[in-house]
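Here is the structure we will look at, set down as structure tokens.
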Amino acid sequence: MNKQKISILLPIFFSIAVILGMFIGYKLHSNMPITKSFFGNASTNTQSEILQIIQQRYVDSVDQIKISNAAISSMLEELDPHSIYIPKQQIEEVNEDLEGSFQGIGIEFNILQDTVHVLHVVDGGPSAAAGLKIGDKVLKVDDHNAIAIKNSDEFKKWVKGPRGTLVTLQLKRGKQTITKKISRDNIPMPSLDAFYMIDKDKGYIKLNRFSNNTYKEFLEALQSLTSKGMKKLILDLRDNGGGILEEAVDIIDELVGGDQLIVYTEGLKNPRKEYKAKRKGIFEDGEIVIMLNEGSASASEVIAGALQDLDRATIVGRRSFGKGLVQEQFTLSDGSALRLTTARYYTPLGRSIQKPYNNGIAEYSAEVLERYHQPNSQMIDSNAAKNGKFVTTLKGKKLYDGGGISPDQFVPFETNLLDSNLNIFFRNNLLSFYAYKYFLLHQEKITAYKTFVNFQSNFIVDQLIINDLIKDAAIQRSSIQLNKNQEEFIKNRIKALIGRLAWGEIGMNYILNAKDSTFLKAVETLN
């Protein structure tokens, strides 16, 4: 993988947020960690002897915790890509995605032109109660100066904190400088991005993770759509990196009948454990299409693999990531944790979800990037090309083993988006900034559309916006040349980002889906 390839691919990973996060391990949760206390042997071993000698005799001062953590991480890299050590300071943050909430003030922000801008205020949250608005610019957080801040993680640390504690924000609103005292509270992190009726009998649901609340959110959406006449469902699991296994199993249970096997786990020191359907589901008969891509992992692959094996769903899109390792979390004596791989996932017909990792973590991670440079014919079912082992469903469909879930209907990546010309528009959040700036100037005009459906049908992105955007991008690069498809892509992205500011995730997803090739193929498949 050369630098040019990586540079060309940068736009992809700004538009599909999950893949890079998966590579560093923390976002690729496989099932709900089973927390166990584990107290290490106090006897001195070689590693502790070396650390002690370094501490006593090394030429310069050293951070013993830092080098100790590095040694542990290196040891775990010899096992598999998803066994990780979690320092005590990171436990809370790492577990937030699974818990489905965090403690903070309830805003979504972005750093645009070195300034923290409030992009969304959570309804019913502490910031809404304090009167914060979209467009507010944060000048200070308590005694911390937020002007010209570069690091969003630093800002997050300032505003997050225990429930009930106070934080003071100094804000710029128009020409006014105002101060707001906000009491921190539990802030929900929805795992359901959007659900809506596509037409009179087809519904759409998109999940972004599998946390403690996912099944509940999914069930409420499913009940709402079936009450509106839904007979066919598109379940969008693209870029969903997984999470709690039991939540995925409960979702499958609503979609299959009888006591059918859904998934099983097995490891050398962990006997086979089966998960089966247990109850009457509310959507056991309707048609289902599942959308996948290379960012779909773990629990997402459990759902797709089970419904594909059981002839219950058609898979549309691209082959999933291939993360089928099960981790258990062990609490260590100092409050840190070890998340250790203890088993593998298998689909009902016995296919392993996990892709090979015997050539090291670097190659394991780069494998997804390399998919974009393969001919489409090789991407359709690379499991068949590499492995050749297959199972047959009751209806006679051949499904191949070897890692990840291959689609029944393949939709290639839009290759025009691989052009480096688009790269510049994702740097420094240019698209977000232009959408945000337009929204602030024309908020009444936008909200006058009443619904995101009307907005999608009738709003047209002004060519002048695109011209100004290209001029701004050209400051960072000598010239920008866009073809018609790329220009339309940018217009649709800006429109979707404006829709998100006005109607949230559902507005953005509805607008993006209207011109999304995988979504359109899913609808065609149901038709």
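Take Thr214 and decide whether it is under 23 Å from Gly106 (Cβ atoms), loosely packed, with under 14 Cβ neighbours inside 10 Å and among the hydroxyl-bearing types (Ser, Thr, Tyr). Answer is no for this residue. Looking only at residues in region 219-255 that are aliphatic (A, V, I, L, M) and in a loop (DSSP other than H, G, I, E, B), the one that is farthest from Tyr510 (Cα to Cα) is Ile244. If I filter region 142-161 for residues that are in contact (Cβ under 8 Å) with a residue 24 or more places away in the chain, surrounded by fewer than 18 Cβ atoms within 10 Å (Cβ to Cβ) and within 21 Å of Val249 (Cβ to Cβ), do I get at least one hit? So far as region 142-161 goes, no, none of its residues is in contact (Cβ under 8 Å) with a residue 24 or more places away in the chain, surrounded by fewer than 18 Cβ atoms within 10 Å (Cβ to Cβ) and within 21 Å of Val249 (Cβ to Cβ). Residue count for region 167-206 satisfying the condition of being without any contact (Cβ under 8 Å) to a residue 12 or more places away in the chain and of a type in the set (D, E, K, R): 2. Between Arg344, Arg312, Arg351, the distinction of being at pLDDT 90 or above, of a type in the set (D, E, K, R), in contact with a Leu (Cβ under 8 Å, 6 or more places away or on another chain) and under 17 Å from Ser83 (Cα atoms) belongs to Arg344 only. Each residue in region 428-467 was checked for being farther than 30 Å from Ile198 by Cα and surrounded by fewer than 14 Cβ atoms within 10 Å (Cβ to Cβ), and 3 of them qualify. Of the residues making up region 198-221, those that are under 17 Å from Asn293 (Cβ atoms), touching a Ser or Thr at 6+ places or on another chain (Cβ under 8 Å) and not basic (Lys, Arg) are Leu207, Asn208, Phe210. Exactly one residue out of Lys181, Lys172 is surrounded by fewer than 15 Cβ atoms within 10 Å (Cβ to Cβ), touching a strand residue (DSSP E or B) at 6+ places or on another chain (Cβ under 7 Å) and not assigned by TED's automatic domain parsing to the domain that holds Ala473, and it is Lys181.
Criterion applied to Gly229, Gly257 was being modelled with pLDDT under 95, surrounded by fewer than 17 Cβ atoms within 10 Å (Cβ to Cβ) and closer than 29 Å to Asn527 by Cβ, and the one residue passing it is Gly257.
With respect to Ile262, is the statement that it is of a type in the set (A, V, I, L, M) and surrounded by 24 or more Cβ atoms within 10 Å (Cβ to Cβ) true?
Values: of a type in the set (A, V, I, L, M): yes; surrounded by 24 or more Cβ atoms within 10 Å (Cβ to Cβ): yes.
When the stated conditions are applied, Ile262 passes them.
Note on region 356-377: among residues that are part of a loop (DSSP other than H, G, I, E, B) and either under 19 Å from Phe410 (Cα atoms) or not assigned by TED's automatic domain parsing to the domain that holds Thr393 (or both), the one that is farthest from the chain's Cα centre (by Cα) is Pro375.
Per the conditions (1) over 23 Å from Leu310 (Cα atoms); (2) free of Cβ contacts under 8 Å to residues at least 40 places away in the same chain, the sole criterion not satisfied by Asp259 is (1).
Considering only residues that are out of contact with any strand residue (DSSP E or B) (no Cβ under 7 Å at 6 or more places or on another chain) and crowded, with 21+ Cβ neighbours inside 10 Å, which ones fall in region 314-356? Result: Arg319, Phe321, Gly322, Lys323, Lys355.
Quick grid of which residues meet (1) out of contact with any helix residue (DSSP H, G or I) (no Cβ under 7 Å at 6 or more places or on another chain); (2) under 19 Å from Leu422 (Cα atoms); (3) buried (at least 18 other Cβ atoms within 10 Å of the Cβ):
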position: Lys484; (1), (2), (3): yes, yes, no
position: Arg493; (1), (2), (3): no, yes, yes
position: Ala496; (1), (2), (3): no, yes, yes
position: Arg500; (1), (2), (3): no, no, yes
position: Trp503; (1), (2), (3): no, no, yes
position: Asn509; (1), (2), (3): yes, no, yes
position: Ala522; (1), (2), (3): yes, no, yes
position: Leu526; (1), (2), (3): yes, no, yes
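Counting only strands (runs of 3 or more DSSP E) that sit wholly inside region 256-341, those with at least 1 residues that are within 30 Å of Ser224 (Cβ to Cβ) and under 22 Å from the mean Cα position of the chain (by Cα) are 287-292, 314-317.
So which residues in region 184-214 are outside any strand (DSSP E or B) and over 17 Å from the mean Cα position of the chain (by Cα), if there are any at all? Let's see the steps before the verdict.
First, pick out the residues of region 184-214 that are outside any strand (DSSP E or B): 184, 189-191, 198-201, 208-209, 211-214.
Listed by number, the residues that qualify are Arg184, Ile198, Asp199, Lys200, Asp201.
The values are calculated or read from the model by the stated rules, or taken from the named source; none is laboratory data. Keep in mind the model is a prediction, meaning the values are calculated, not measured. Here the Cβ is made from the backbone with ideal geometry for all residues, glycine too, and neighbour counts use every protein chain on show.
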